[in-house]
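A short worksheet on the structure shown next.
None of the figures in this text is laboratory data; all of them are computed from the coordinates on show. These numbers come from a predicted model, not from an experiment. Positions of Cβ are generated from backbone atoms using ideal geometry, with glycine treated the same way; all protein chains shown enter the neighbour counts.
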Amino acid sequence: MADTGENVNLSRARICIDFGTARSKASVCLDPTLPLEVGVKPLPVGAVSRAQHALLTPSVLYVDGGRIFFGPLALEYAQRGAAQGRDPLLSFKTVLGARDAAAILAQKMRPSVDPTGTLTHRDALVLYLAYLDQLIREALAVTQGMPPGVAEVKRRYTSPVWKAGNGPDRVFEAIFNESAAVSQKLGRLFLSAEGISIAQCKDALDKAIQLPGNGRLETGVFEPHAAAAASLAFTTAPTNFVLVFDIGAGTTDVAAFEFDERTNPPALTEITEARQCSGLAGDEIDRILIEHYFRRRGGDPSQAEEQRVLRMFKLSARELKQQLFAHGKVILRTGGWNTTTIKLSDLTDDPQFREYQAALTRIIAASLTPVVQRAQAVGAQVIDVVLAGGGSHLPFLPDLVRAAAAQNPRSVPLRVSPLSPASKLYDGVDPALGGAFPQIAMSVGGALIEMMPAA
Ligand SMILES: Nc1ncnc2c1ncn2[C@@H]1O[C@H](COP(=O)(O)OP(=O)(O)OP(=O)(O)O)[C@@H](O)[C@H]1O
Ligand SMILES: [Mg+2]
């Protein structure tokens with residue numbers, strides 16, 4: 001039992017890591033029976049890594065000049081390296097979802113990512129998680145009210161539908177244990193601006209295989225379960241039916257729950273027919289945007305200059321898409337005095353984008369149908385449709401939900417909104433952070449949730 005000897009019992013405490021395709025997040029739950037505002041805290045991992053947002057840190061790694069850089073620094077170096085035909089490792093979480101994940105993990109990374117040919121995808125994952133462990137330790141150290149020893153509590157991770165959410169996956173457990181050893185060995189070197197030499201990383205990785213650490217992995221939590229837990233914990237107007245859409249960068253995860261407070265403790269049952277996982281998420285819009293731009297540019301894609309522009313565009317696509325939706329246009333500097341303006345309508349009129357929206361509407365409709373049936377059967381008045389993940393900011397989503405609902409004329413009224421915190425959890429933190437709640441909710445909910453019985 002993790003007792004710190006200072007009368008703080010940490011036996012119920014856990015840290016939940018949400019290793020997202022684009023952004024990593026982490027939250028600590030000291031005790032799920034405590035009031036939320038003292039029991040659970042999102043950790044400022046982004047503040048420690050010096051990212052744009054205090055609670056979000058970019059999931060990226062970059063190899064340069066024989067050294068490995070992580071997070072915001074990696075992105076910075078990648079921008080400089082684009083001209084030399086070099087790529088950072090972005091979106092590498094999605095590797096885990098591949099059908100032959102084991103084979104891909106064992107593969108060496110592309111030469112454009114690791115020109116030294118040293119690291120496999122698995123190595124990169126172990127290193128990144130060790131880096132994240134260091135960010136978490138530092139974030140805990142700078143967060144007020146954290147009892148001593150809190151860095152050593154159990155760990156959870158959120159996972160999309162493509163991984164079983166119950167019990168730690170053996171492969172993941174081994175990866176966590178190795179990353180614990182690597183984190184201990186390299187320690188605060190992970191936080192230095194100089195990066196870490198590949199030789200040092202390789203040595204730590206080899207030693208970690210021989211002598212793994214204790215990753216303290218308790219369980220994986222299915223991402224929409226975590227989102228639903230956050231949504232139920234923070235809502236001020238609870239409903240009995242919740243349909244969660246977690247639109248991240250790499251995956252859109254959907255799940256629905258029936259909440260019954262007539263029993264004690266209240267029962268949360270998943271309506272499993274609604275469960276889906278799709279690759280139609282934020283990165284797919286970025287891909288369509290990139291293709292649109294390069295079709296318009298009409299350059300020869302085999303030319304070095306075109307390749308450089310493509311690399312730069314890929315690095316900034318997430319940001320550009322966000323600006324495009326927020327301001328209706330973006331102006332790109334494409335070298336020298338040249339600029340190109342992309343209007344939001346250029347994207348929304350693109351046939352690929354229309355097909356994307358149609359496909360997303362079909363996904364929403366497919367999950368909505370069994371929930372509506374169940375809600376009608378028990379005479380429920382309303383279904384909560386909760387939008388989570390960074391994609392919840394996409395302004396067209398509520399319309400897609402309504403279009404999906406209209407396909408079923410006997411629908412139950414829907415209440416569509418992004419996950420939002422009606423809580424004191426953010427008092428004392430920058431109020432602007434509330435806007436990131438749909439993104440950090442999975443780590444918060446994953447830390448809070450008591451394990452659901454296996455469906
Ligand atoms: N204001 C915004 N408008 C549009 N898209 C946004 C906005 N903010 C973030 N996004 C997008 O949300 C995605 C990141 O969200 P999130 O952090 O939930 O993903 P993730 O957890 O890293 O990915 P996944 O869950 O798929 O592994 C990116 O595609 C990003 O461009
Ligand atoms: Mg996510």
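Excluding the sites themselves, what is the longest stretch of the chain that contains no GluC sites (Glu not before Pro) in a DSSP loop with at most 16 other C-beta atoms within 10 Å? It works out to 262-449. Helical content of the chain, expressed as a calculated mean residue ellipticity at 222 nm, amounts to -13000 deg cm²/dmol (DSSP H runs of 4 or more residues, -39,500 (n - 2.57) each, divided by residue number, nearest 500). In a DSSP loop and with at most 16 other Cβ atoms within 10 Å, the chymotrypsin sites (Phe, Trp or Tyr not before Pro) in the stretch 259-352 are W337. Cα gyration tensor of the stretch 279-338, axes a ≥ b ≥ c as square roots of the eigenvalues: rounded (a/c below 1.5), prolate (a/b > b/c) or oblate? Oblate, because a/c is 1.5 or more while a/b does not exceed b/c. Measuring nothing but alpha carbons in the stretch 14-221 and taking Rh as the Kirkwood radius, the Rg to Rh ratio lands at 0.95. Note on the stretch 12-106: the C-alpha convex hull projects to 8.4 nm² when averaged across all orientations.
Viscosity 0.692 mPa s, temperature 37 °C: Stokes-Einstein D of the stretch 325-420 from its Kirkwood Cα radius, in µm² per second? Taking Rh from Cα pairs, D becomes 211 µm²/s.
Summary of the geometry: the stretch 359-394 and the stretch 297-344, compared by the centres of their Cα atoms, lie 35 Å apart. Could you pull out the pairs from K25/K343; K108/K321; K108/K207; K41/K154; K108/K202; K25/K108 whose alpha carbons sit more than 21 Å apart here? Where the Cα-Cα span goes over 21 Å, the pairs concerned are K25/K343; K108/K321; K25/K108.
Working from the pairwise distances between different alpha carbons, so that the mean of 1/r is found and then inverted, what is the stretch 237-420's Kirkwood radius in Å? Across the stretch 237-420, the inverse of the average 1/r is 18.2 Å. The equivalent ellipsoid of the chain has semi-axes of 34, 31, 19 Å, largest first, where each one is the square root of 5 times an eigenvalue of the Cα gyration tensor.
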